[in-house]
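Coordinate-derived values only; no laboratory data. The model shown is predicted, which means the values in this text are computed figures rather than measured ones. Cβ: placed from backbone, ideal geometry, glycine included. Neighbour counts: every protein chain shown.
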Amino acid sequence: MKPSSRSTFASVCFLIAHIRYGGAARATVTLANELAKKGVQVSVVTHVGQSAFPLHEDVVQIGLFDEKEIKSDFLNKIWRRIAYLNRLQRAIRSLDSDVIVGVMWSMATRTWILGRVLGKLVYVTEHTIHSRESTFLSNFARKLVYRWVDRVVVLTQLDLSHYELYLRNVIKIPNIVNLEFDKIDYGIVPDPPVIFAVTDFSRWEIKGLDYLLTVYEKILEKYPRATLRIACARFDCYEYICSVFGNRIRDPRVKILGFLGDKELAREYGAATVFVMTSRYEGFSLVLAEAMTVGAAVVSFDCPYGPREIITSGLNGVLVPESACDQMASEIELIISSDSHRLCLKRNALIRSVEFSSASICTLWLNLLRSERAAISSS
């Protein structure tokens, strides 16, 4: 492997399907930006070049296809599969990065093949839980490929313990939370109460949108003027969501905000009476950590695995047994009714969030890339 001479760190190329929406895309862009600020040579290769998240000026982005080249017909899909591999290997060769990072399992196999052909180190970052529902063949392939890559990076201690049963190359590094926001006045109490949530309409079952609406309807029994504000990825699925939930989602007290930028998102976190997460599972739950960074009072289902590693229930947030909608509604009502309880959760959330700051998490990546550079230089 030919080392780049730019810095004392190994250079990195992230391979990800897109950076248009979603927690994995946001987390990858944040990591790329923070590494670039520290002098690491960073690039991001995507299927399509469009990005919803701002990239640091020193991060090189390559989109393999133009929007005009993407069509839905069968022949176009076949052509893109063939052209993709050719364009991808040319992009990787031109960047000449020391480490290729495949973001999520969907990119793992092609990342491993390219890395071995081109003589690069290969990492995979996992952004969902180990025990997710997959086919036998998919689980078998994942275990096989992950044995051959150089590093598998997971987000939680529980995922680490699962992977360590059959892997020796797995490490835990949580997501960086680096949300920019203006100063927030935490003394303002919304009236009527505001419940805020972030979801993905294309994955509403995983994100527990049905649970969220059920919890909200229970809160309306005591606080009929309470509003539910929902930021969402994939607003293009709204009509489909309406066909599933009907008047439950069309209620004028339910405000669908669409995709929000960092400052808009932070403003919603800070202005809400409570931030609620009702997912069936989460790899890490970036939005939960973001909400705590802004100082929100948070309530979450204790789903596998992220929330229980972020929240100490009763101290800096509240954990509720998964699918226990009645109990979650009761906890939210307590936060609404008790100023002292709400403010205590907010203060402690801010303290807890320091562990997910750029200074804490970026150091773990820098140490790793520094050691890779040293190994490359000595080989």
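The loop-placed trypsin sites (Lys or Arg not before Pro) in region 148-239, going by DSSP, that have at most 12 neighbouring Cβ atoms within 10 Å of their Cβ come out as ARG168, LYS183, ARG225. Rg then Dmax, both in Å and based on the Cα atoms of region 194-355: 14.4, 42. Could you give the angle, 0 to 90 degrees to the nearest 10, between helix 136-148's Cα long axis and the longest principal axis of the Cα atoms of the chain? Between the helix axis and the principal axis of the chain, the angle is about 50 degrees. Bridgeable aspartates and glutamates around LYS38 (alpha carbons under 12 Å apart, same-chain partners fewer than 8 residues away excluded): ASP58.
Strictly over 27 Å apart at the Cα level, which of LYS172/LYS255; LYS37/LYS77; LYS71/LYS263; LYS37/LYS263; LYS172/LYS207 would you flag in this model? Over 27 Å Cα-Cα: LYS172/LYS255; LYS37/LYS77; LYS71/LYS263. If the segment from ARG347 to LEU315 were pulled out straight at 0.36 nm per residue, it would be longer than the present Cα-Cα gap by 10.6 nm.
Rg and Dmax of region 77-121, both derived from C-alpha coordinates alone, stand at 10.6, 31 Å. Here, the chain is characterised by an Rg to Rh ratio of 0.98, where Rg is the alpha-carbon radius of gyration and Rh the Kirkwood radius. Roughly what angle does helix 23-37 make with the longest principal axis of the chain, taking Cα atoms, 0 to 90 degrees, to the nearest 10? Tilt relative to the chain: about 60 degrees. A full extension of the chain between ASP66 and ARG110 corresponds to an added length of 13.8 nm, given 0.36 nm per residue minus the alpha carbon distance. When each of the peptides 11-22, 76-87, 110-121 is scored by how many other beta carbons lie within 10 Å of its residues on average, the order from highest to lowest is 11-22, 110-121, 76-87. If you wrap region 122-167 in the convex hull of its Cα atoms and look at it from every side, the mean projected area works out to 3.0 nm². Counting only alpha carbon atoms, the long axis of helix 108-118 and the longest principal axis of the chain meet at about 20°. Here the chain carries DSSP beta bridges of which approximately 0% are antiparallel, counting only pairs with both residues inside.
Fewest neighbouring Cβ atoms within 10 Å first, the residues TYR211, TYR269 line up as TYR211, TYR269. Computed log10 I(q)/I(0) for region 4-94 at 0.11, 0.23, 0.25 Å⁻¹: -0.34, -1.15, -1.27, from the Debye equation with unit scatterers placed on every C-alpha and solvent omitted.
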